[in-house]
Amino acid sequence: MNATWFHRRGALAQGGWESVVDDRLPGWAHTGLHVAALADGDEVVLQETGAERIVVPLQGSFVVYHGEGAESQTTVLRGRASVFAGPTDVLYVSAGSTLRVTGAGRVAVASSPTDERHPSRHITAEEVAVELRGAGAASRQVHNFGTPGSLDAARLIVCEVVTPAGNWSSYPAHKHDEHVPGHESRLEEIYYFESAPIAGAGPTVDPDAAFGLFSTTSSPAGEISIDEQVRSGDIALVPYGYHGPAVAAPGYDLYYLNVMAGPDPERAWLISDDPAHAWVRETWRTEQIDPRLPYGDADEEK
């Protein structure tokens with residue numbers, strides 16, 4: 001089962017991309033992800049027009065050529081030094097557009113198949129809504145640039161989460177695999193991970209050794225089991241089931257990009273906690289946010 005729903009860095013490589021998730025994978029239908037590492041002069045192209053997309057610089061800066069015919073546009077994404085340096089500017093690209101990305105660094109393109117067109121939009125880092133979620137050892141930082149309250153889109157819901165070393169996120173474990181209006185929505189979800197030694201760890205620490213942990217468990221919607229160490233570039237697919245926690249090992253910060261979409265008529269992120277652990281949320285009322293947050297230039301009030 002893990003061979004289907006969990007993939008190590010590079011295991012899904014194709015066509016110049018380090019990783020590709022799309023509907024050619026068995027059991028996958030509503031979300032997609034392309035990840036590439038580019039050197040100066042490199043470019044990657046997506047010619048298919050039947051999807052809406054969000055371009056997310058992971059590390060470095062990029063130029064994106066998008067649109068069709070006379071409507072073609074060029075957008076410069078300033079990017080960032082790393083996923084732990086705070087929010088980045090991103091680009092939402094309407095369905096019906098081709099896409100070409102050039103630059104140097106690492107870039108992700110989240111997608112969802114649709115023919116419904118919404119206006120392309122360049123969201124600057126300063127515009128990204130930053131949320132500090134949880135408390136105590138469950139504190140984490142969420143960048144809500146592609147969520148329903150932040151972006152007009154057809155189906156795609158995208159955000160990114162930074163979990164400081166030693167903390168837990170995607171916790172309590174939760175699911176979104178039933179259509180219960182006003183309570184729960186059906187959403188496939190992609191987790192793309194990166195991990196790095198904490199700031200000040202020193203030059204002798206091997207960055208490739210950085211890791212976290214990620215788990216999923218079954219729900220009435222289907223059987224799934226992932227219990228893995230996760231490192232930079234790894235991908236977990238969650239078609240159904242309870243997912244979480246995502247745990248940053250002591251000494252190493254953990255990042256993940258979440259890409260969600262599903263078959264429900266409304267675009268909404270509605271979840272149900274694992275009933276065995278839902279009570280934990282109440283304990284946060286008497287705890288403080290981890291003082292290490294926010295990372296980068298983020299501001300909780302933005």
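The values are calculated or read from the model by the stated rules, or taken from the named source; none is laboratory data. All of these numbers come straight from a predicted model, not from anything done at the bench. Cβ sites come from the backbone with ideal geometry, for glycine too, and all protein chains shown count toward neighbours.
Considering each residue of region 198-211 in turn, none proves to be in contact (Cβ under 8 Å) with a residue 12 or more places away in the chain, assigned to a loop (DSSP other than H, G, I, E, B), more than 28 Å from Trp17 (Cα to Cα) and among the polar types (S, T, N, Q).
For region 1-83, the strands (runs of 3 or more DSSP E) that sit wholly inside it and include 3 or more residues that are within 27 Å of His118 (Cα to Cα) and over 17 Å from the mean Cα position of the chain (by Cα) are 43-46, 51-67, 73-80. Need the failing condition index for Ser232 against (1) outside any strand (DSSP E or B); (2) within 21 Å of Thr31 (Cβ to Cβ); (3) out of contact with any Lys or Arg (no Cβ under 8 Å at 6 or more places or on another chain), just the number. All conditions pass for Ser232, except number (3). Check whether at least one residue in region 47-65 is in contact (Cβ under 8 Å) with a residue 24 or more places away in the chain, in contact with a Leu (Cβ under 6 Å, 6 or more places away or on another chain), among the β-branched types (Val, Ile, Thr) and under 30 Å from Leu293 (Cα atoms), and report yes or no. Among the residues of region 47-65, at least one is in contact (Cβ under 8 Å) with a residue 24 or more places away in the chain, in contact with a Leu (Cβ under 6 Å, 6 or more places away or on another chain), among the β-branched types (Val, Ile, Thr) and under 30 Å from Leu293 (Cα atoms), which makes the answer yes. Is it the case that some residue within region 249-272 is surrounded by fewer than 19 Cβ atoms within 10 Å (Cβ to Cβ) and β-branched (Val, Ile, Thr)? Checking region 249-272: at least one residue is surrounded by fewer than 19 Cβ atoms within 10 Å (Cβ to Cβ) and β-branched (Val, Ile, Thr). Looking across region 158-185, just one residue is surrounded by fewer than 20 Cβ atoms within 10 Å (Cβ to Cβ) and in contact with a Pro (Cβ under 6 Å, 6 or more places away or on another chain), and that is Gly166.
Residues that are in a loop (DSSP other than H, G, I, E, B) and more than 16 Å from the chain's Cα centre (by Cα) do not occur anywhere in region 187-197. Checked against the criterion of being more than 20 Å from Asn258 (Cα to Cα), among the charged types (D, E, K, R), over 16 Å from the mean Cα position of the chain (by Cα) and surrounded by fewer than 23 Cβ atoms within 10 Å (Cβ to Cβ), the candidates Arg121, Arg117 yield just one match: Arg117. Of everything in region 136-152 that is hydrophobic (A, V, I, L, M, F, W, C) and either modelled with pLDDT under 95 or within 16 Å of the chain's Cα centre (by Cα) (or both), the residue that is surrounded by the most Cβ atoms within 10 Å (Cβ to Cβ) is Phe145.
Taking Leu237 as the residue in question, decide whether it is within 28 Å of Leu151 (Cβ to Cβ), touching a Ser or Thr at 6+ places or on another chain (Cβ under 6 Å) and part of a strand (DSSP E or B). So Leu237 does not fit the description; no. Screening Ala236 with (1) touching a helix residue (DSSP H, G or I) at 6+ places or on another chain (Cβ under 6 Å); (2) farther than 16 Å from Arg140 by Cα gives one miss only, at (1). For region 225-236, what are the residues that are surrounded by fewer than 22 Cβ atoms within 10 Å (Cβ to Cβ) and over 20 Å from Ala201 (Cβ atoms)? Across region 225-236, the qualifying residues are Ser225, Ile226, Asp227, Glu228. Checking each residue in region 32-74 for being surrounded by fewer than 19 Cβ atoms within 10 Å (Cβ to Cβ), touching a Ser or Thr at 6+ places or on another chain (Cβ under 9 Å) and more than 11 Å from Thr102 (Cβ to Cβ) picks out Gln47, Glu48, Thr49, Gly50, Gln59, Gly67, Glu68, Glu71, Ser72, Gln73.
Look at region 167-197 and say how many of its residues are over 26 Å from Leu270 (Cα atoms) and in contact (Cβ under 8 Å) with a residue 60 or more places away in the chain. Of the residues in region 167-197, 2 are over 26 Å from Leu270 (Cα atoms) and in contact (Cβ under 8 Å) with a residue 60 or more places away in the chain. Of the residues making up region 118-135, at least one is within 24 Å of Arg231 (Cβ to Cβ) and either among the acidic types (Asp, Glu) or modelled with pLDDT of 95 or more (or both).
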